[in-house]
1. If you take the residues of the range 14-58 that are without any contact (Cβ under 8 Å) to a residue 60 or more places away in the chain and touching a Gly at 6+ places or on another chain (Cβ under 7 Å), which of them is nearest to Trp93 (Cα to Cα)?
2. Being modelled with pLDDT under 90, charged (D, E, K, R) and over 20 Å from Gly116 (Cα atoms) is the filter here; which residues of the range 146-193 pass it?
3. Please name all residue pairs, on different chains or six or more residues apart, with Cβ atoms under 8 Å, provided the first residue is in the range 93-112 and is in contact (Cβ under 8 Å) with a residue 60 or more places away in the chain and the second residue is aliphatic (A, V, I, L, M) and crowded, with 16+ Cβ neighbours inside 10 Å.
4. Can you pull out every residue in the range 246-296 that is closer than 17 Å to Leu211 by Cβ and in contact with a Ser or Thr (Cβ under 8 Å, 6 or more places away or on another chain)?
5. Let me spell it out: the conditions are (1) touching a residue at least 60 places away in the same chain (Cβ under 8 Å); (2) farther than 21 Å from Gly53 by Cα; (3) assigned by TED's automatic domain parsing to the domain that holds Arg286, and Gly224 meets all of them except one. Which number is the exception?
6. For the condition of a type in the set (Asp, Glu) and in contact (Cβ under 8 Å) with a residue 12 or more places away in the chain, what is the one hit in Glu232, Glu265?
7. Identify all residues within the range 223-241 that are at pLDDT 95 or above and either under 14 Å from the mean Cα position of the chain (by Cα) or not in a helix (DSSP H, G or I) (or both); write none if there are none.
8. Just for the range 247-296: of the residues that are farther than 29 Å from Arg137 by Cβ and of a type in the set (Ser, Thr, Tyr), which one is modelled with the highest pLDDT?
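The values are calculated or read from the model by the stated rules, or taken from the named source; none is laboratory data. Note that this is a predicted model, so its numbers are computed, not measured. Here the Cβ positions follow ideal geometry from the backbone for every residue, glycine too, while neighbour counts run over all protein chains shown.
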Amino acid sequence: MNDNAYWEWHQRGLEALNDARLSEAAEAFARARSEALRHRLPLADRAYCNWAGIRHTQDRTTGLEKGLSRILGGSEDPRARQLAAYYLACIHWNQRNLKTARFYGTMAVRLAESLGAIPSRIAGVHLLGLVWLAESRLDEARACFQQSVDLSEGQVHPHAVMAKSTLGYCLSLQGRRREGLAHLEQALLDLMDLDCPLYEPPMRLNLGFALLEGGDSDGAIAQGRAALDLLERQGSRADAKFAYYLLGEGHAQRGAGRQAEEYFEILQKTWYPQYPELAQVLLACRTSPLLNWLAR
């Protein structure tokens, strides 16, 4: 079995992904799939799922659900089926199809358990927590995030670090700000040790929104700027609107109306052109207490 070329492209994809070079990662996983198909390797479905995961991160999901559903229902590769279930859950979570997201997320966790794949279990349970969080079921969400952290058993996995950050954000939503900030700040320190910038923008948004609700507008602005810089560098559009909102709200809370208006106008024109008065509404009303950014 000549699989050297497949694994070479696969490794290139992982390295690019961990370094948040998303377009390069997508190309590498696409090349890995081509090699698998050319040599008739039982790895083509897995490569497709890896590629689909990048496209989801780039907010380019057209056609992915059909391809992932085919793999989940018919692939002979159990790892590919697990990945397909996980990314289907991610897509439906982003689309606010929460019942469907929970269905696929639960399936992804069970498949990860059967494979003994701890990092995949951590990611799947974390995703189930995000589904609960989107429904404002904070106790259920917190339990999932804590389980994800506990599954790491003292080892530092990227998904476990992300779960620690989200746990901190959830605790801050429950009014446990000191405890929440401790988790949020420690998660960022852990991430620096991993040298895995892919997860840094959402973790900085978690911290930024928690600081905003605690009255630290300067800290919130600093985290929003850092997150936005990283998102623009990565070419990831999906979370950028939350960075613009955080920057606008942070400036509004510190009384810097002109800067706040600039960020709110970018938010309105780029993502909500159908609401021409949105920037003025956001400028006039403090809406952050009503916002759970991870609820999408």
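1. Ala52
2. Scanning the range 146-193 gives a single hit, Asp193.
3. Listed pairs, sorted by first residue: Trp93/Ala101; Trp93/Leu127; Trp93/Leu130; Trp93/Val131; Trp93/Ala134; Asn94/Ala238; Arg96/Ala134.
4. Glu249, Gly250, His251, Gln253, Arg254, Asn292, Leu294, listed by residue number.
5. Of everything listed in (1) touching a residue at least 60 places away in the same chain (Cβ under 8 Å); (2) farther than 21 Å from Gly53 by Cα; (3) assigned by TED's automatic domain parsing to the domain that holds Arg286, Gly224 misses just condition (1).
6. On the way: Glu232 fails: in contact (Cβ under 8 Å) with a residue 12 or more places away in the chain.
Only one candidate passes the filter, namely Glu265.
7. Within the range 223-241, just Ala227 meets the criteria.
8. Checking each candidate, the answer is Tyr263.
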